[in-house]
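The values are calculated or read from the model by the stated rules, or taken from the named source; none is laboratory data. Note that the structure is predicted; figures quoted are calculated from it, not measured. Note: ideal-geometry Cβ built from the backbone for every residue, glycine included; neighbour counts use all protein chains shown.
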């Protein structure tokens, strides 16, 4: 990170839930414009594995990601990211609380562990809709893994506040509505 600025790494569910419920592209285009603008400034990005998940949708969101956000999906094959992912996998294998199915599911998920490893390797912030559930035995949640590895993890609404993203519209005279 340069100049102490915070960099936010977005989980698939940030894009998917925004598109499907909170901020549909046709109703709230300013959300999508703000995401791209902050990506251009180096504050928002995601990873190649999230792009793969979005591409499987073959929908409007996938088209948007390829047309407007493609340059902001970073590769996860960098040695320090692979090393961080290995640390996550080792920790999970030794973790007694989680059932073996939960461990397998988390590690076989295309993006979750890699998202954390990427943020861990670069000192970035994970942004996800997932909520902590430390007592869970059947499902491993991103915020709980982040907490163990001291990776900051916030929800998208906190990111919007921190970046001071305002979702408003201007009328024909340029007044904010």
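Here is a list: 56, 80. Which entry is loosely packed, with under 14 Cβ neighbours inside 10 Å, out of contact with any strand residue (DSSP E or B) (no Cβ under 6 Å at 6 or more places or on another chain) and without any contact (Cβ under 8 Å) to a residue 12 or more places away in the chain?
56
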Fill in: Residue selected from the range 48-72 under the condition in contact with a helix residue (DSSP H, G or I) (Cβ under 9 Å, 6 or more places away or on another chain) and outside any helix (DSSP H, G or I), by the criterion farthest from residue 33 (Cα to Cα)
56
Discussion item. I need every pair where a residue in the range 108-137 that is at positive phi and surrounded by 14 or more Cβ atoms within 10 Å (Cβ to Cβ) has its Cβ under 7 Å from the Cβ of a residue that is modelled with pLDDT of 95 or more and not in a loop (DSSP other than H, G, I, E, B), sequence separation at least 6 or different chains.
Written reply: none
Worksheet item: Does the range 87-105 hold any residues that are under 16 Å from residue 135 (Cα atoms) and in contact with a helix residue (DSSP H, G or I) (Cβ under 6 Å, 6 or more places away or on another chain), and which are they?
Response: 92, 103
